Amino acid sequence: MKLKHISLFLLSFIISLPILSQEAKERNQENINVNKFRQLYQEFSTPNMFRTASGAPGPAYYQQQADYKMEIELDDENKRIYGFETITYTNNSPDNLEYLWVQLDQNVRKKDSPSLLINEDRISVAYPPSGFTKEFMTDPFDGGFNIESVVDENKNPIKHIINQTMMRVDLPSALKSGEKFSFSIKWWYNIQDHVNQDGRSGYETFEKDGNRVYIIAQFFPRMAVYNEVEGWQNYQFWGDGEFALPFGNYDVKITVPSDHILDATGELQNRKNIFSKDMMKRFNKAKKTYDKPVMIVTQAEAEEAEKGFSKKKKTWHFQAENVRDFAFATSRKFIWDMMAVKIGNKDVMAVSMYPKEGNPLWEDYSTVVVAESLKTYSDYTFDYPYHKAISVHAKQIGMEYPMICFNFGRPNIDGSYSDDVKFGMIGVIIHEIGHNWFPMIVNSDERQWAWMDEGINTYVQYITEQKLGKDFPDIIYPLENFPSDRGPAEMITRYMSVDQKFLAPIMANPENVYSLGPNAYGKPATALNILRETIMGKELFDHAFKIYSKRWMFKHPTPEDFFRTMEDASAVDLDWFWRGWFYSTDYVDIGIKEVNQYFISTEPGEEMKKIMEERGIPKDRLRPLVFLENSKNDNENIKENSPLENSKLLNNYINENFTESEISNLEVPKYFYEITYDKPGGLVMPIIVDYEYEDGSVERVTYPAQVWRKNDKEVKKLVTSNKKIISINLDPDLETADIDTSNNSWPKKQEDSEFDKFKAKVKG
């Protein structure tokens, strides 16, 4: 800090000359505020009694409740699901509702669904036989809901109309505020093959033994959200967006073949009737085992079950409180393991279900990763509130639901696997388990704002991956860090540097973006990581993030609620950051434009002489001054002499105005550097720079983003020192997502030509 003070002391001597102005020949037009630091008042919704300016729920905040009682049967032979459900809907809003909207998401799979027509089609000049027959010779799969009846409590039909993936239920009379309405729906649909027909759920057939693994979700008509933000959230499901759902209580009975193993959202109510004595004994052991998984169903038992195809049936009964959805997985192929995890003051069961085709990978890692994910997410948000978290093996799906998720990662047939497969599996398990927090509990609208669950969750996933690598070094050996593919700033630069016409802001509907992965997952996760590591600091960010998570547990936040809470809990103005990163497709590019070196001089330098000439000031009219001369002027004397040798005036002033003790603490800088930083990119970011001196020492300085507030194109900074600067390096740790680092060094680093890079690669 001493050098900074001395710098200001010297600057007080520099001439202060009047700035001459000329009458403008033409008046400028109005200056519209396009400053990057203007506030987001126009973009944000107006705070109200429902949602406050601080980002917290307001005193009038409400949310609807939808309770379900269901009887489900899985027809393994015909690959169908039959269901009868009773929905009890509670109107907690201040509004009277004339109708209800129910989501029929499976209708996206109807053979005549408009979703099949919205994407561009292009011909391929060559097809494999399987692809050709599928594309041109077979009928589309018909997987939509078949609604057999919609009736009230007295079994009277209720008028309803289906519009694509939405069903409007017309009420016999308006549902007043505080009232409940119960109605029942009978339905069935054909289950899709998720391996060959894609989708977020379905079945996989194992040709060798003829068995299937079912991962079932979006399988029942579900209530849409009604709130004060947009009324009914009845935006159609086109396939890319996900789901907005109200909370409620579930009572679900699922009937499957008697030799199946099944788990689901909620707590199993009839475990003693379902489990064998051995399974019950193992389960009780698992509830007290915290260091390793306990096998509930072994691989040998699963392989034995594969041989039979029971015609008998068994019903599994689950109940879940305060969840927004329900899913289940079932198969006779399942190996099943569990272990206990201490979360706060209670135990949570970490659970995995997988066929033998997932081993040894799944037996070794799945449940351990579930346990670590529960711990880390709880540390950074709030304690996991449910009693279990299940990871289910699926060939190519990563998808989440309350308490249960489906995850890919399959070894080769001989049980071998690559690091890519292992780390991919671990990453997807962390991610999907993390979705229990976002959006299953912090219940954002996935249909409108994919980043609020995917991006926020991917950020915490990155934190969890890195912690896992530190806590379990054997898992990542010989790597030093977990190989995360999203989170660090440098990983998003390629996406942010592509042609702008192929980009959309983060604040865009997921159905309307060009690249959903980078847009909804990578870029927002990177933005939050930059906020934590570079802009706010870990302490402020972690506190604010935890406040947001706790404020909106079991509630429905909007983007503004997140943005406002992060500022409210940290006292950091972030409007400039939200505007740039979330509302625009701007990119980061900050560079070093010019470096000028100055020395103290007794005589005016060339720049000073030019000023004097322009303003008609003769030398004899100047008061005694300490001059700074540009090193480009080739005055070798001033470069070699000490500062006080170059200015007797300064020397005399110091001796006359400071005591000997004060003088002994003064260090008059010899070197003065005026560095011009420019910003070819649109995004404002802090200027993080390393100044390397001739003695090998390095000084890191971070100029806040606000340094750009009055000049969005370039800024000048003065550095003074007794040591010569030999190099200047911008963003040395690649923290800002700068898309072009070729302008980040002084002197400019010599880039290898493409030919040089090729030669180096050939040499190995």
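Brief remarks follow.
- The stretch between E135 and V701, if pulled fully straight at 0.36 nm per residue, gains 197.8 nm over its current Cα-Cα span.
- Helices assigned as whole DSSP H runs in the chain whose Cα atoms extend at least 20 Å along their own long axis and whose mean Kyte-Doolittle hydropathy is 0.0 or higher are found at 419-434.
- Least to most buried among H160, H387, H194 (fewest other Cβ within 10 Å first): H387, H160, H194
- With the cut-off at under 19 Å, measuring from each backbone N in region 138-178 to a point 7 Å along the Cα-to-Cβ line of D112 picks out 138-149, 160-168.
- Between D712 and Q750, the modelled labels are 3.9 nm apart [label points 7 Å from Cα along Cα→Cβ].
- Its relative contact order, with pairs defined as Cα atoms under 8 Å and 6+ residues apart, puts the chain at 11 percent.
- For a paramagnetic label modelled on D193 (point 7 Å from Cα along Cα→Cβ), amide N atoms under 15 Å away belong, within region 385-406, to 395-396.
- Each of S124 and A571 was given a label point 7 Å from its Cα along the Cα-to-Cβ line. The distance between the two points is 6.0 nm.
- Residue-count net charge about V513 - beta-carbon cut-off 12 Å; Lys, Arg +1, Asp, Glu -1: -2
- Environment charge at D198 (Cβ cut-off 13 Å; Lys +1, Arg +1, Asp -1, Glu -1): +1
- 222 nm mean residue ellipticity, helices alone, for the chain (DSSP H n ≥ 4; -39,500 (n - 2.57); rounded to 500): -7000 deg cm²/dmol
- For the chain, the Cβ-based charge dipole about the Cα centre amounts to some 1420 debye (Lys, Arg positive; Asp, Glu negative; other atoms uncharged).
- If the chain linking L666 and E207 were pulled fully straight, counting 0.36 nm for each residue of separation and taking away their Cα-Cα distance, it would gain 156.9 nm.
- Once the Cα-Cα distance is subtracted from the 0.36 nm per residue extended length, the N35 to Q319 segment shows a gain of 96.9 nm.
- Put simply, region 63-136 fits an ellipsoid with semi-axes of 39, 21, 8 Å; these come from the alpha carbon gyration tensor as the roots of five times its eigenvalues, largest first.
- Ranking H556, Q500, I535 by how far each Cα lies toward the positive end of the dipole of region 498-557 (charges on Cβ) leaves H556 at the top.
- Among (1) 215; (2) 198; (3) 247, the entry that matches volume of the Cα convex hull per residue in Å³ as calculated here: (3)
- With the simple spin-label model, which puts each label point 7 Å out from Cα in the Cβ direction, the Y477 to M553 separation comes to 3.9 nm.
- At R0 = 60 Å, FRET efficiency that the Cβ-Cβ distance of F382 and I654 yields, to 0.05: 0.50
- Per-pair calculated FRET efficiency, R0 = 56 Å: L625 and N512 via Cβ, rounded to 0.05: 0.35
- Cross-link reach is defined here as a Cα-Cα straight distance under 18 Å, omitting same-chain residues fewer than 8 places apart; for K717 the lysines meeting it are K2, K4, K593, K670, K679.
A short reminder: the numbers here are calculations on the coordinates, not readings from a lab. A quick note: this is a predicted structure, and the numbers were derived from the prediction, not measured. Neighbour counts run over all protein chains shown; Cβ positions are idealised from the backbone, glycine included.
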